Amino acid sequence: MESIPFDYLWIVGAAVILVALGAIHTFRLNVRLRRTAQELQREVNERHRTENRLAEHEARLRQIIDTEPECVKLQNLEGRLLEMNPAGLALLDANKPQQIIGTSVYQMVAPEFREAYRDLTRRVFDGESGVLEFQIVSLKGRRRWMETHAAPLLDADGAIVALLGITRDITPRKLAEDGVRLHYRELARAARINTMGEMASGLAHELNQPLAAIANYANGCLRHLNSNACTPDELTSPLESISSQANRAAEIIQGLRHFVNKDPPKQSLEDLNRILHSVILIARPEINLHHVQLHLDLEPELPCIEVQPIQLEQVLLNLIRNAVEAMDETPPSLRHLVIRTSSESHKVFLDVQDTGPGMPSHVLLRVFEPFFTTKETGMGMGLPISRSIIEGHGGELNVQSDTKDVGLSIQITLPTVTHPMHQHLQALKADSPTPPNENK
């Protein structure tokens, strides 16, 4: 038997080894491929699950937005509406989205509020959030009050792509507020008329003086004329006195008529000192009747304030009358009423200080409670109404009692405004015949 050559055996062995190695490699490759296929399948399945979850979330979010009772909208920087839910369409009296989507929001915003809405839009696209109350005009011409809360909508990279606004109809609330304001104005006017009734005695006395003087001067002129014992020049002085006293009476009556009138609907730029002098004209009879010495320390050239003058007059008159009545138990020689005005840091200040008995701390804590009063015949509404008026003008009203229980001080703080009319008001004040400081 012939032996197999060694080279042949080596080649066969090498081939067997190579085949084995190839089989092993193929096996490993198949394992990796199976694993890769399984991982890919898992990723595909996870992606499908994620897409399904996203679709469910989107559908749920869409359902929430569609059923949201308040308007939800998206708009771009120029105001073009990108999307709006059914509640928003209903507010605008739209029957289908095509009537609104793609149009400008400024077609619906009332003209007087468009600039404020543009400013809000600019701030949102600068990255801020904001709230705005404004009116819209619907497709059917109806006006509604709206309150919108606007915030920037960001994409995946953090860029602002739209304004997201949630808007609610606040028309019923606004109508209710208007009703409350109207009721308040009527209540305030009733309080002013009641104040005039309480001051009737002093006012009658004050009016009686110029009327009596007019009668005396007129009778004297008639006697001189009937006796033919005077020249026309001699009648000049008494006739001027008649005119002066008539003007004095007319000013008092005009001030009373102005004070009991209904509040004007709008605020105006005013000078606090001028308003104070108007109030003193009305309060002077009661001040004199109670033998109170009035001292005015008024800062000239006060900055303007934006107020409803009649309302502020009501507050000042109430504070002055309270101070005068508080000194009834004080000896007449010690009855001093000091009123000061000043300004600082865009604010004006008015301080009314008396020399009455003051108030204990537990009473001071309750003076602004409605119907709380220390007077036997008081209603307890003067100070609460006064504080409401001042706070309605953006100011503050505070009461302080002297540490020695002698005297009470009431401070009013009001914000000032910068306006071209300020120079005109200052010019009027300079021409006013009433001196800025008075001690009587």
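Full-extension gain between Leu29 and Asn95, please, as 0.36 nm times their residue separation minus the C-alpha to C-alpha distance.
Working: separation 66, 0.36 × 66 = 23.76 nm, distance 6.39 nm.
Result: 17.4 nm gained on full extension.
Rank Asp233, Asp93, Asp297 by accessible area, highest first, at a 1.4 Å probe radius?
On the way: Asp233 125, Asp93 20, Asp297 80 Å².
From most exposed to least exposed: Asp233, Asp297, Asp93.
Under a crude label model (7 Å from the Cα following the beta-carbon direction), how far is Gln411 from Leu235 in nanometres?
5.9 nm
Extending each Cα 7 Å along its Cβ direction at Ser342 and Asn219, get the distance between those two points in nm, one decimal.
5.2 nm
So for the stretch 75-157, taking the charge dipole from beta-carbon charges (+1 Lys/Arg, -1 Asp/Glu), which of Gly127, Trp145, Ala156 sits furthest toward the positive end?
Checked the options; the winner is Trp145.
Provide Lys174, Lys140, Lys96 ordered by accessible surface of protein heavy atoms (probe 1.4 Å), highest first. The partial results should precede the final answer.
Numbers: Lys174 30, Lys140 135, Lys96 110 Å².
So, going from the largest accessible area down, we get Lys140, Lys96, Lys174.
Tell me the accessible surface of Tyr217 in square angstrom (1.4 angstrom probe, heavy atoms of protein chains only), to the nearest ten.
Only protein atoms counted, so the area is about 90 Å².
Please compute the modelled spin-label separation between Glu112 and Glu43, points set 7 Å along Cα→Cβ, answer in nm with one decimal.
A separation of 6.3 nm, rounded to one decimal place.
Ranked from the most accessible area to the least, with a 1.4 Å probe and all protein chains present, what is the order of Leu397, Leu383, Leu153? Provide the component values of the computation, followed by the final result.
Working: Leu397 5, Leu383 30, Leu153 60 Å².
Ranked list, largest accessible area first: Leu153, Leu383, Leu397.
Using protein chains only and a probe of 1.4 angstrom, how many square angstrom of Arg35 are accessible, to the nearest 10?
It works out to around 150 Å².
Name all residues of the stretch 118-143 having a backbone nitrogen under 19 Å from the label point set 7 Å from the Cα of Ile160 along its Cα→Cβ direction, giving them as ranges.
Residues 118-133 fall inside that zone.
The values are calculated or read from the model by the stated rules, or taken from the named source; none is laboratory data. Source: prediction; values computed, not measured. FYI the Cβ positions are ideal-geometry reconstructions off the backbone, even for glycines, and counts take in every protein chain you see. All accessible areas refer to the heavy atoms of the entire protein, side chains included, with ligands and DNA or RNA removed. Shrake-Rupley method; radii C 1.70, N 1.55, O 1.52, S 1.80 Å.
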